[in-house]
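Presented below is the structure to which this report refers.
The values are calculated or read from the model by the stated rules, or taken from the named source; none is laboratory data. The structure displayed is predicted, hence computed values, not measured ones. Here the Cβ positions follow ideal geometry from the backbone for every residue, glycine too, while neighbour counts run over all protein chains shown. Heads up: the accessible areas ignore ligands, DNA and RNA and are worked out on the full protein's heavy atoms, side chains in. Shrake-Rupley method; radii C 1.70, N 1.55, O 1.52, S 1.80 Å.
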Amino acid sequence: MNKIALVVGASGITGGNLAERLIAEGWETYGLSRNPNTEISGLKPITADLLNKDNLKQALAEIRPTHVYITTWMRNDTEAENIRVNSLMVRNLLDVLSLNKSTQHVALVTGLKHYLGPFEAYAKDGFLPETPLREEHPRLNIENFYYAQEDEIYVAAARDGFTWSIHRPHTVIGKAIGNAMNMGSTLAAYATICKESGRPFVWPGSEAQWNGLSDVTDARVLAAHLIWASTTDAARNQAFNVVNGDVFRWKRLWNRLAAYFGVEPIGFSGSIQSLEKEISNDNDTWHEIAQKYNLKESNLGRLASAWHTDLDLGRPIEVMTDMSKSRKLGFTVFQDTEQTFYDLFDQLRAERLIP
């Protein structure tokens, strides 16, 4: 049987990179989103609202995916609302797909908030797990929309007989425009502003993150992991961490990123320096930069998500992730993290998103 992929959230960092890899490997690939990705050659776009079941039924009426990859979520004001909305999105999708009985495997992308807690209690006292993070770590005794999404998968799998995999990346580094959580392009935009205005490249995070060990997830590694788990018998019906495979300290990497852009790095100075606050008045500056260098995107908000970078870099503990489970089952993809950032910056420059 032909492998037919439905990538839910194909406009984002994870979904876009996954769609590109699936197409390159010969999969028939559909990309579902509210605002379809039309930049990926070979991707068949589907416009649909996951919160509207009737709309989903109409959009997916003729689609018979064998593999479904859920890579999207919707941010809300409270975790209770996150749970209601994001579980409904998954439930609606799987209910509609259940009508045609074509689905063999469903992969869900969540993240390290599974271990660290939701944004309302993000990596705070009482919710600090032992690191490196491992998949067997029990759920926290607190509301978390990731748990609600997982539970929707389990219920639908029992009903429809498909296999599943849960993927928990750390911060995903890759190209996407208008993405809600994008540290890579956020730092690229910030460094560009520093370069143009003569400001120093100031570390925005905590002392623990500055000095401690960390890791990240290259979007290309995540794409490879999603395909591997969904096509490997031994990996089915399991949850996995997925990161690059190396560790680093920000106090070194920050200086290296500054050197790439030719800006002056300033490390941890005794207190957290919010990046969201630092660039809050730089919208006009970015517009001027975009005009000066003829960039494709003049809206700083579509490149930078400083609120999320602040959350990641402001954690009170070092955070790194164990990959032993995937390694034991045969996933051996490895990516040097410093090169991950350089590759992204080079891509952003080549596509005229930064000068």
Can you give the Rg to Rh ratio for the range 1-102, taking only C-alpha atoms and Rh from Kirkwood? 0.97
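Can you count the Lys pairs in the range 38-152 whose Cα atoms are under 20 Å apart, with each pair 8 or more apart or on different chains?
Numbers: 44/57; 53/101; 57/101; 113/124.
So the count works out to 4.
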Would you compute, for the Cα atoms of the chain, the largest minus smallest coordinate along each principal axis and list the three values in descending order, in whole Å? 58, 45, 38
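If you count only protein heavy atoms with a 1.4 Å probe, what accessible area per residue comes out for the chain, rounded to a whole Å²?
Working: 14790 Å² over 355 residues.
On a per-residue basis, the chain sits at 42 Å².
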Going residue by residue through the range 317-330, the Karplus relation 6.51 cos²θ - 1.76 cosθ + 1.60 with θ = phi - 60° gives ³J(HN,Hα) values, rounded to whole Hz and with x marking Gly or Pro, of 9, 6, 9, 9, 10, 7, 10, 4, 4, 5, 4, 4, 8, x
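Sum up the charges of everything whose Cβ sits under 12 Å from the Cβ of residue 154, counting Lys and Arg as +1 and Asp and Glu as -1, but leave residue 154 out. It would help to have the intermediate numbers written out before the result.
Details: positive: 91, 159; negative: 150, 151, 152, 160.
My count for the surroundings of residue 154 gives -2.
Considering only protein heavy atoms, with the full assembly of protein chains and a 1.4 angstrom probe, order 160, 282 by accessible area, largest first.
Working: 160 45, 282 10 Å².
Order by accessible area, largest first: 160, 282.
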Given the Cα atoms of the range 121-193, and with Rh set as the inverse mean 1/r over their pairs in the Kirkwood sense, what is Rg to Rh to two decimals? 1.07
At q = 0.18, 0.23 Å⁻¹, the log10 of I(q)/I(0) for the range 269-347 from a Debye sum over equal Cα scatterers comes to -1.00, -1.17
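Restricting everything to alpha-carbon atoms, can you work out Rg to Rh for the range 55-140 with a Kirkwood hydrodynamic radius?
Working: Rg = 16.2 Å, Rh = 15.1 Å.
Result for the range 55-140 is an Rg/Rh of 1.07.
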Give me the percent relative contact order of the chain, please, defined on Cα pairs under 8 angstrom at least 6 residues apart. 19
Tell me the volume per residue, in Å³, of the convex hull enclosing the alpha carbons of the range 227-288. 211
In terms of modelled amide H atoms, which long-range or inter-chain residues lie less than 5 Å from the amide H of residue 3? 28
Within the chain, what whole-number % of the accessible surface is contributed by carbon and sulfur, with the 1.4 Å probe and all protein chains included in the calculation? 46
Got a sec? Charge dipole of the range 25-142, +1 on Cβ for Lys and Arg, -1 for Asp and Glu; which of 67, 141, 55 is way out at the positive end? 55
Among all the aspartates and glutamates, which ones have a C-alpha under 16 Å from residue 292's C-alpha, if same-chain residues fewer than 8 places away are not counted? 196, 282, 284, 351
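Mind giving me the FRET efficiency for residue 38 and residue 61? R0 is 30 Å, r the Cβ-Cβ distance, nearest 0.05 is fine. Let's see the in-between values first.
Numbers: r = 21 Å, r/R0 = 0.71.
That gives a FRET efficiency of 0.90.
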